[in-house]
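Before any comments, here is the structure.
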Amino acid sequence: MSNEIEKAYELAREQYAKHGIDTDHVLEQLAKIKVSVHCWQGDDVRGFLFQDQDLSGGISVTGSHPGAARNPGELRQDLEQAFSMIPGKHKVNLHAIYADTDEGPDLDEILPHHYEPWVAWAKQQGLGLDFNPTCFSHEKSGDGFTLSHPDDGIRQFWIDHCKASRRIGAYFGEELGQTCVTNIWIPDGYKDTPVDRMSPRKRLMESLDEVFAEPIDPAFNLDAVESKLFGLGSEAYVVGSHEFYMGYGMKNQKLICLDAGHFHPTETLSGKLSSLALFTSGLLLHVSRPMRWDSDHVVVMDDELLEIARELVRHQLLGSTHIGLDFFDASINRVAAWVIGTRSTIKALLRAMLEPIDVLKQAELAGDFTTRLALTEEFKSYPFGAVWDYYCLKTGVPVREAWLEQAKDYERNVLLQRGAQVSPAVE
């Protein structure tokens with residue numbers, strides 16, 4: 001089969017070369033892109049600090065597919081299996097509740113050593129780590145407010161948690177030699193229309209100022225802030241709106257995180273990139289599939305994913321944009337969900353990199369919109385699949401759907417063997 005793949009690649013390389021596209025160079029550039037794969041797909045956003053705590057903050061996971069990870073060892077084992085079917089070397093995105101420790105710290109007490117096993121594993125696997133404070137599913141977030149809480153004591157708890165999270169992010173970056181992105185998202189908001197929209201936002205601004213007051217080397221940690229339009233329990237008003245965080249991020253030189261599901265259903269994330277990129281030092285993306293608003297379906301290579309990839313490639317934004325995934329589906333094999341979503345994201349980037357961008361831009365500038373439309377359409381059927389198959393072959397991961405049988409084997413031999421009881425950690 002490898003000979004067939006290589007022959008198909010040679011033919012594809014010749015076709016693309018006629019338009020000045022060097023597929024070998026494209027694959028070299030593709031291999032440099034790191035996708036931050038979210039750990040919370042593997043256990044339905046439960047984490048390991050407060051496993052008996054119900055999900056809150058507008059977060060809901062549906063489905064009961066067997067085999068969810070029950071401890072850090074199992075989660076790392078599942079991630080290893082997923083990465084064995086994904087080309088390239090990437091990152092893992094951790095939430096604070098995924099600490100690997102028997103000490104049982106509260107969120108304002110977390111320290112770097114509570115995550116040492118994750119760092120040791122990442123070093124062994126050649127992966128980077130990103131981080132997030134967990135401002136939900138906690139008794140102090142039960143009324144729907146955290147960093148904008150009117151109670152000074154509760155608000156300080158969440159400030160301290162976010163401060164601790166930044167230090168952990170810096171620890172990840174220093175230990176692994178890959179900059180950690182620490183992203184802050186909070187669920188704060190009202191179910192019904194508030195009288196005072198400004199005071200919570202003023203409290204949030206002041207809280208963030210205190211969180212970010214400690215200088216941290218950007219070589220180790222970069223801060224990001226994430227907006228949302230709507231949430232379960234915050235249907236009428238969200239404190240951390242897009243406008244709030246866009247202003248705060250620009251003013252304070254923080255990465256602005258754009259989640260594909262955190263906007264109006266008729267808005268697209270792709271359409272925002274070229275504007276924000278002019279005024280920010282960088283962006284963080286949470287690539288998701290909002291079938292119905294923020295529904296967090298597994299990412300597939302749909303039109304919007306392709307447009308996101310094209311915007312990043314056409315405007316040379318890959319160097320300043322951090323690409324992360326954010327979905328959770330418990331109705332299917334969780335490992336397969338990681339593989340489908342990550343491979344789809346990388347494939348979309350590859351397709352975007354295999355377009356004659358300079359030719360298209362020149363045609364557009366010259367007002368030759370016929371050529372622009374014709375070439376854009378014709379390149380949709382160019383043999384990018386042959387280039388993708390070759391990339392998978394050369395990086396030692398399964399080609400095409402061959403990965404699915406590996407995932408099914410893993411499900412039979414590992415996931416279905418997990419009972420209801422908590423098992424010892426798997427290292």
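Observations on the model:
- Here the chain is treated with +1 on each Lys and Arg Cβ and -1 on each Asp and Glu Cβ, and its dipole about the Cα centre works out to around 800 debye.
- Between VAL339, VAL119, VAL287, the Gaussian network model of the chain with springs among Cα atoms under 10 angstrom shows the greatest mean-square fluctuation at VAL119.
- Nonlocal amide H pairs with HIS297, under 5 Å, H built at 1.01 Å: ARG289, MET291
- Share of pairwise Cα separations in the range 1-84, more than 20 Å, in percent: 58 percent
- Max mean-square fluctuation residue, GNM over the chain, Cα-Cα springs under 10 Å, options ARG334, ARG412, ARG343: ARG412
- The mean sequence separation of alpha-carbon pairs under 8 Å and at least six residues apart, normalised by the residue count of the chain, gives a relative contact order of 21 percent.
- Between ARG412 and ASP108, the simple spin-label model (points 7 angstrom out along Cα→Cβ) gives 5.2 nm.
- Net +/- balance of residues flanking ALA386 in space, Cβ distance below 14 Å, scoring K and R +1, D and E -1: 0
- Scattering curve values for the range 79-214, log₁₀ I(q)/I(0), Debye with Cα scatterers, q = 0.09, 0.11, 0.16, 0.19 Å⁻¹: -0.31, -0.45, -0.83, -1.05
- In terms of other Cβ atoms within 10 Å, MET301, MET198, MET291 run from fewest to most in the order MET198, MET291, MET301.
- Taking 0.36 nm per residue of separation and subtracting the current Cα-Cα distance, fully stretching the chain between ASP217 and SER275 would add 18.2 nm.
- Exposure proxy ranking, count of Cβ atoms within 10 Å, fewest first, for ASP151, ASP102: ASP102, ASP151
- Put a plus charge on the Cβ of each Lys and Arg, a minus charge on the Cβ of each Asp and Glu, and nothing anywhere else: the dipole of the range 160-287 about its Cα centre is then about 240 debye.
- Projecting the Cα positions of LEU111, LEU27, VAL37 onto the charge dipole of the chain (unit charges on Cβ atoms of Lys, Arg, Asp and Glu, taken about the Cα centre) puts LEU27 furthest along the positive direction.
- Cβ-based net charge around ASP259, under 14 Å, with every Lys or Arg adding one and every Asp or Glu removing one: -3
- Expected-Rg normalisation [2.2 N^0.38 Å, Cα atoms] applied to the range 220-299: 1.08
- Of all lysines in the structure, the ones whose alpha carbon falls short of 25 Å from that of LYS163, not counting any fewer than 8 places away in one chain, are LYS91, LYS123, LYS140, LYS202, LYS228, LYS251, LYS254.
- Net charge in the neighbourhood of ASP22 (other residues with Cβ under 10 Å of its Cβ; Lys, Arg +1, Asp, Glu -1) is -1.
- Angle in degrees between helix 72-83 and the longest Cα principal axis of the chain, rounded to the nearest 10: 20 degrees
Values quoted throughout were computed directly from the atomic coordinates according to the rules given, and no laboratory measurement underlies them. All of these numbers come straight from a predicted model, not from anything done at the bench. All Cβ positions, even for glycine, are placed from backbone atoms using ideal geometry, and neighbour counts span all protein chains on display.
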